[in-house]
Amino acid sequence: MMQRKIYIFCLALTMISLVPRTTFAQKGKSEISVAYGLYSMYSLYNGQPYNVSSGVGMLSYKYYLTKKVTLGVVFGYENLNNWGSFLTFAPEATYTYYDNKDARIRVKMYGAASIGLTVFDDFIVYKDIYSRHLDESGAKLTGHVSPFGIRIGRKLGGFLETGIGYKGLFNFGMSYRFRTKPRFHEEN
C-alpha cells in the first residue's frame, strides 16, 4: 500500500515539472501553502466509531494564470483511527472574486474547486472468512468545492476556507507568494 502512495506522489511531482512555463500569460507568480482541515467528507460520512479523525494535513502549490485564476495541485493526508488512512492528490482551480490589492492590508476572497484521486488504506482486517467486511483499499475519485475562501496578507498570508469534500468543512493555513522569475532593474 505504501508503494502506491509513493507512486502517486512521484507521478504528481512529475506532472507539475512538465507544465511549460511559457504558456501562461501572467507575471510568473506562484504560491505554496500548508493547511489543516476539519470534518472532511470521510469523517462526516461514517458513523461512530469510524469518524475519529486526525484532521486533514495539506500541502499545495498554485500558479497564477491571470490575476484572478490559479491552477495548482493539493496533497492531503487524513487518518481515521478505527477505519483507515487517505492520501489525496488533486488538481485545483481557484477564482478570485474580490481583491483589494491597493490597500495597506490585502484581502482576497475566492472560490476553489478540485477533483482528484484518494488512495485509501483500509485498517480493518478480519481473519474470519465469514466476516462481512469488504476490504475497500485502493484508489478512489474524490473532490472538494469551496465557495468561500479568504486570504489576508501579501507575500505571507493566512487563509480560511469553507466547503465540502476531502479538505473538510473548514480548513485554514499559511501561504507564501513568490515570483518564479527574478525582476531586472534598468539602470539609467
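Only the coordinates and a few stated rules stand behind these numbers; no lab work does. These numbers were taken from a predicted model, which means no experiment stands behind them. When we count neighbours, we look across all protein chains shown, and the Cβ atoms used for this are built from the backbone with ideal geometry, even at glycine.
Could you give me the ³J(HN,Hα) list for the range 81-88, computed from phi with Karplus coefficients 6.51, -1.76, 1.60 and θ = phi - 60°, whole Hz, x at Gly and Pro?
Once rounded to whole Hz, the list reads 3, 9, 10, x, 10, 10, 10, 10.
Checking the table Lys68/Lys140; Lys101/Lys140; Lys62/Lys101 against a 28 Å threshold on Cα-Cα, which pairs fail? Mind showing how you got there, number by number?
Values: Lys68/Lys140 30 Å; Lys101/Lys140 39 Å; Lys62/Lys101 18 Å.
Where the Cα-Cα span goes over 28 Å, the pairs concerned are Lys68/Lys140; Lys101/Lys140.
Tabulate in residue order the Karplus-calculated ³J(HN,Hα) for the range 107-117, using 6.51 cos²θ - 1.76 cosθ + 1.60 with θ = phi - 60°, rounded to whole Hz; enter x for Gly and Pro.
10, 10, 10, 8, x, 9, 8, 8, 9, x, 10
I want to make sure I understand the PRE zone here: with the label point 7 angstrom from the Cα of Ile164 toward its beta carbon, which residues in the range 81-112 have backbone N atoms less than 18 Å away?
111-112
Between Ser137 and residues 5 or more places away or on another chain, which pairs have amide H atoms under 5 Å apart, with H built 1.01 Å from N, and which residues are they?
It is Asp122, by chain and number.
With each pseudo-label sitting 7 Å past Cα toward Cβ, what's the Leu65-Tyr77 distance in nm, one decimal?
3.0 nm
Go through 80-89, 144-153 and give me the packing order, highest mean Cβ count within 10 Å leading.
Details: 80-89: 19.9, 144-153: 17.6.
Listed from highest to lowest mean packing, they are 80-89, 144-153.
HN-Hα J couplings of the range 145-152 from phi, Karplus 6.51/-1.76/1.60, θ = phi - 60°, integer Hz, Gly and Pro as x?
These are the phi-based 3J(HN,Hα) values: 10, 10, x, 10, x, 10, 10, 10 Hz.
In percent, what relative contact order does the range 46-110 have, based on Cα pairs under 8 Å that are 6 or more apart in sequence?
Details: 117 pairs, mean separation 17.1, N = 65.
The value is 26 percent.
Between Leu117 and Tyr176, what FRET efficiency comes out of the Förster formula 1/(1 + (r/R0)^6) with R0 = 25 Å and r the beta carbon distance, rounded to 0.05?
0.45
Tell me which residues come under 5 Å, amide H to amide H, from Gly116 once H is placed; ignore anything under 5 positions away on its chain.
For Gly116, the qualifying residues are Thr142, Gly143.
Using amide H atoms built in the peptide plane, which far-off residues or other-chain residues are under 5 Å from Ser40 H to H?
Leu169
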